[in-house]
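**Q** Got a structure for you, questions after.
A short reminder: the numbers here are calculations on the coordinates, not readings from a lab. Since the structure is predicted, the reported quantities are computational estimates derived from the model, not experimental observations. All Cβ positions, glycine included, derive from the backbone under ideal geometry; neighbour counts span all protein chains shown.
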Amino acid sequence: MEKYLSQLNEAQLAPTIQKDGPMIVIAGAGSGKTRVLTYRIAYLMSQGIDPFNILSLTFTNKAAREMKERIAAIVGQSEARNLWMGTFHSIFAKILRIEADKLGYPTNFTIYDSQDSDKLIGSIIREMGLDKDIYKTKQVRSRISSYKNSLITVRAYFQNPELKEADAMARRPKMGDIYKEYVDRCFKAGAMDFDDLLLKTNELLTRFPEVLMKYQNRFRYILVDEYQDTNHSQYLIVRALSDKFQNICVVGDDAQSIYAFRGANINNILNFQKDYDNVKLFRLEQNYRSTKNIVNAANSIIDKNQTKLDKVVWTANDEGGKIVVNRSLTDGDEGRFVASTIWETKMNEQLENKDFAVLYRTNAQSRAIEDALRKRDIPYKIYGGLSFYQRKEIKDVISYLRLIINPADEEALKRVINFPPRGIGATTVDRLVVAANGYKRSIFEVMKNIDKTELKINSGTKSKLQDFVTLIESYQVMNENADVFELAEHVTRTSGLIKEFKKDATPEGVTRMENIEELLNGMKDFVEGQKEVADATASLAEFLEDVALSSDLDSDKEDVDHVALMTIHLAKGLEFPHVFIVGLEEDLFPSAMSMNTRSELEEERRLFYVALTRAEKQAYLTYALSRYRWGKLVDADPSRFISEIDEQYLDITTPIEERRINPMLDADIFGDVSPNTKRNVVSSNNIRFKPAKQVELKKGSPAKEQPKFQPTVPKKLTRVESSGASGQEANLFDGKLVAGNIVNHMRFGKGEVLKIEGVGSDVKAEIKFQQVGVKKLLLRFAKLDVI
Ligand code: ATP
Ligand code: MG
């Protein structure tokens, strides 16, 4: 163990070997927080603590796996295996499975993924006859999710008139009814959604003191990574479990709190010292990940936030290259810049694809990057898209399996009752749903007892329903003896799924078949893997739980060499030698949705800090002057975040010209456009033509010398200038705006200023917008153009 402890610096060693009591490590990015957690677990074990008594909660399952491997290298494989390690969701799903009956759930409860939840919410909205343009499925789901994460149960909802009022104000007065129906239907289907895994754990721990005691005694040592992003529900679980022994160690960085929109509460980290007695606070200051340039640039960014804990981050690493800032004309050009830079750097420095990551604010941005990487034959992988298990064909197979262990599972049943087609129409299914709701039974039970019901269904359809019941029951019998692989293989054949997919000879159809084969291979692996563990059962329920909670970030196979593409949110905790942060444009990053209050803007800035601090050796910031958004080419201004970085750390290039001048660079060879993207066309003499309908690109022409990087340039309209009192970040008005001005707002459109009030940074304007009525806007955030 000593040998390993010498791999830590002094500041890291202190929290690592602080064995007992509550402690918090607050430190900036790349300073070794995760490393401390890892070594601390190994240390605890070397001190005789049983791995069964250690619970470690991480942000991804992949992180948990990596930590386990590292620990295994120190203390040995057989010991490390017994650690409780994983995400909140995966750990508590396991516990809930053990305790399910206490809460009235079947042991084999289903975990609904977000697709299932969306489908159920969609059907409820339809069944209730509500307007689906007002009750948008995703918005309803996120509302329900936020209730659950704040522990607002259906009953609590109806007892709180403010909540009802808030929903009524948001033109969704039926929100509570949908919430109730959704919760009832999940319960009836023996299903928990992701948020339930936390909510029900809380319920379990509060309602059953003996259960709480059991897990308090089991988890004598608790460790939490990325503590700044825990939500209220997670906070309460940790608090309850650690209450007895108080051996709780959390690590985090308030500057990297980026999930407020999903209910994460930065106060959890800020208040930790108040929650426990005699908390030991540790700070780490040395960054081991990044170059001096990157660390200093990141510090200069986060300095702009008002709400933050004071922290020092420095590094002994090399100076490194300056951060490259690149401007492109369009998002297509941006993609080509990224691809050509990766290509050249790989060649020049003998690097692998996996040394590069491209990070963006929104998933939609990946398309332009993908197009360009494909042209260069650079392998890439998009994280956070549809995971393998959410693909149609896979979900079809999985749905059969879900039905086998939990026939009440409504979403699984609806998915496969008529797939492959067996003559059970949508009307029949609708009737079954209504009947099931009426009888307060599952659809499957209604089908089983169809003769005892008063359902008007003709005898032909009845026998088809009975056949389906018999089919599923025969699988259930098989499940008693066969392993997961044998069962799934049998199901795909006898349900007609394989036959159905084989009919489709298109490339997509072939891919579907390959995916099913891949799924079966994965199951074989799972079965073999479980055989090695003496007391494991390799049960179908366990397999399905893994499936429901796996993200594609988790399933990444280390040996595959590809460029990683992902949103910044997903990149938290990760590191890459070369990182591109793309789409650094106002209204995209910072996002237009997040510029209404200072705290929203500060969260965007933290997100930028997270992005920049993923880079080890080199960071690139790119922006385009125009970009396709919602199918239209729109003008864009460079992000304020670029100009917030101290200029000494930046290398501001004008690559558009350089590419034109240097014939070795890519424009002539690779700058061509793929047939399905309407982008700028570059002819062989490198003169840029615009495709017919493209809007005028206002900023510079290829032939002229381009100015160096300039922040926001006003366009036709006069942007009201900032007084500069608090730097470039806030658009402070200095009295130029007066009542009577007609202004244009990014989101609200055109409006008339009614009055101006307040002083300094609190100046507000009351504006009557044509479309949305009167609004009061804080001028330091509102982006207004005076017309
Ligand atoms: P983040 O805030 O991004 O989650 P972190 O604080 O968790 O970062 P780690 O990921 O633990 O930081 O460490 C960053 C990098 O520095 C890792 O590659 C880690 O192995 C390395 N590192 C940390 N401490 C040391 C050390 N004492 N000696 C050598 N390398 C170290
Ligand atoms: Mg970390």
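**Q** Quick check: the angle from helix 88-99's long axis to the longest principal axis of the chain, C-alpha only, nearest 10 degrees?
**A** Helix 88-99 sits at roughly 10 degrees to that axis.
**Q** Given R₀ = 60 Å, FRET efficiency for HIS490-ALA166 by Cβ-Cβ distance, to 0.05? Display every interim value, and only then the final one.
**A** Details: r = 51 Å, r/R0 = 0.85.
Approximately 0.75, to the nearest 0.05.
**Q** With a 10 Å Cβ neighbour count serving as the proxy for reagent exposure, in which order, fewest first, do MET1, MET347 appear?
**A** Details: MET1 14, MET347 9.
By the 10 Å Cβ count, ascending: MET347, MET1.
**Q** Show me 493-499, 400-406 ranked by packing, highest mean number of other Cβ atoms within 10 Å first.
**A** On the way: 493-499: 15.9, 400-406: 24.1.
Going by the mean number of other Cβ atoms within 10 Å, highest first, we get 400-406, 493-499.
**Q** To test your reading of the geometry: what angle, between 0 and 90 degrees and rounded to tens, separates the Cα axis of helix 366-375 from the longest principal axis of the chain?
**A** The two axes meet at around 80 degrees.
**Q** Give the calculated FRET efficiency between VAL560 and ASP310 to the nearest 0.05, with a Förster radius of 60 Å applied to their Cβ-Cβ distance.
**A** Values: r = 41 Å, r/R0 = 0.69.
In this case the efficiency is close to 0.90.
**Q** On full extension of the chain, what length is gained from LEU281 through ASN481, given 0.36 nm per residue of separation minus the C-alpha to C-alpha distance? Show your work: numbers first, answer last.
**A** Working: separation 200, 0.36 × 200 = 72.00 nm, distance 5.33 nm.
Length gained, LEU281 through ASN481: 66.7 nm.
**Q** Separation between the ASP101 and ASP118 pseudo-spin-labels, each 7 Å from Cα along Cα→Cβ, expressed in nm?
**A** For ASP101 paired with ASP118, the spin-label model returns 3.7 nm.
**Q** So, one more: Based on the alpha carbon coordinates of the range 56-211, what radius of gyration and maximum Cα-Cα distance (Dmax) apply, in Å?
**A** Considering the range 56-211 through its Cα atoms, Rg and Dmax are 18.6, 60 Å.
**Q** So for the chain, averaging the separation of alpha carbon pairs under 8 Å that are six or more residues apart and normalising by length, what relative contact order in percent results? Can you show the working numbers first?
**A** Details: 1286 pairs, mean separation 109.7, N = 787.
Normalised by residue count, the contact order of the chain is 14 percent.
**Q** List the lysines whose Cα lies under 16 Å from the Cα of LYS395, skipping any in the same chain that are fewer than 8 positions away.
**A** Counting by Cα, and skipping residues close in sequence, LYS395 has these lysines nearby: LYS119, LYS414.
**Q** If you don't mind, there's one more thing I want to ask. In whole angstrom, how far apart do the alpha carbon centroids of the range 580-642 and the range 69-102 sit?
**A** Result: 37 Å between the Cα centres.
**Q** Helix 484-494 versus the longest principal axis of the chain: what angle, 0 to 90°, nearest 10, using Cα atoms?
**A** 80
**Q** Could you give the C-alpha radius of gyration of the range 139-256 expressed as a fraction of 2.2 N^0.38 Å, taking N as the number of residues it contains? Mind showing how you got there, number by number?
**A** On the way: Rg = 16.6 Å, N = 118, 2.2 N^0.38 = 13.5 Å.
Here the Cα radius of gyration is 1.23 times the empirical estimate.
**Q** For a 18 Å ceiling on Cα separation, which of these pairs sit above it: LYS33/LYS244; LYS138/LYS174; LYS392/LYS499; LYS62/LYS381; LYS244/LYS274; LYS755/LYS775? Could the numbers behind the result be given before it?
**A** Numbers: LYS33/LYS244 25 Å; LYS138/LYS174 15 Å; LYS392/LYS499 16 Å; LYS62/LYS381 16 Å; LYS244/LYS274 16 Å; LYS755/LYS775 11 Å.
Those over the limit are LYS33/LYS244.
**Q** Test of understanding: ordering VAL774, VAL484 by Cβ neighbours within 10 Å, fewest first, what list do you get?
**A** Listed from fewest to most nearby Cβ atoms, that is VAL774, VAL484.
**Q** Quick one, what does Rg over Rh come out to for the chain if you take C-alpha atoms and the Kirkwood Rh?
**A** On the way: Rg = 28.4 Å, Rh = 29.2 Å.
Here Rg/Rh amounts to 0.97.
**Q** When the Cα centres of the range 267-293 and the range 183-244 are compared, how far apart do they sit, in Å?
**A** Centre-to-centre (Cα) distance: 24 Å.
**Q** Would you calculate a helix-derived [θ] at 222 nm for the chain, using -39,500 (n - 2.57) for each DSSP H run of n ≥ 4 and dividing by the full residue count, to the nearest 500? It would help to have the intermediate numbers written out before the result.
**A** Working: 33 runs with 345 residues, N = 787.
Value at 222 nm, helices only, nearest 500: -13000 deg cm²/dmol.
**Q** Can you put CYS249, CYS186 in order of Cβ neighbours within 10 angstrom, beginning with the fewest? Present the calculation step by step, with values, prior to reporting the outcome.
**A** Working: CYS249 29, CYS186 22.
So the residues, fewest neighbours to most, are CYS186, CYS249.
**Q** How would the range 222-292 be classified by its alpha-carbon gyration tensor: rounded, prolate or oblate, with rounded meaning a/c under 1.5 and the a/b versus b/c comparison settling the rest? Show your work: numbers first, answer last.
**A** Numbers: a/c = 2.26, a/b = 1.31, b/c = 1.72.
Note, shape of the range 222-292 comes out oblate.
**Q** In the chain, what % of DSSP beta bridges are antiparallel (nearest 5)? Please report the intermediate quantities before stating the final value.
**A** Working: 30 of 80 bridges.
Counting DSSP beta bridges with both partners in the chain, the antiparallel share is about 40 percent.
**Q** Right, here's the next one. Compute the Cα gyration tensor for the range 244-385, then decide on rounded, prolate or oblate, letting a ≥ b ≥ c be the square roots of its eigenvalues: rounded whenever a/c is under 1.5, prolate when a/b is larger than b/c in the other cases, and oblate in all that remain.
**A** prolate
**Q** Give or take rounding to whole Å, what are the principal axis extents of the alpha carbon atoms in the range 10-126, in descending order?
**A** The principal-axis extents, from largest down, are 61, 32, 26 Å.
**Q** How would you order 145-153, 168-176 from highest to lowest mean count of nearby Cβ atoms within 10 Å?
**A** On the way: 145-153: 18.1, 168-176: 15.3.
Going by the mean number of other Cβ atoms within 10 Å, highest first, we get 145-153, 168-176.
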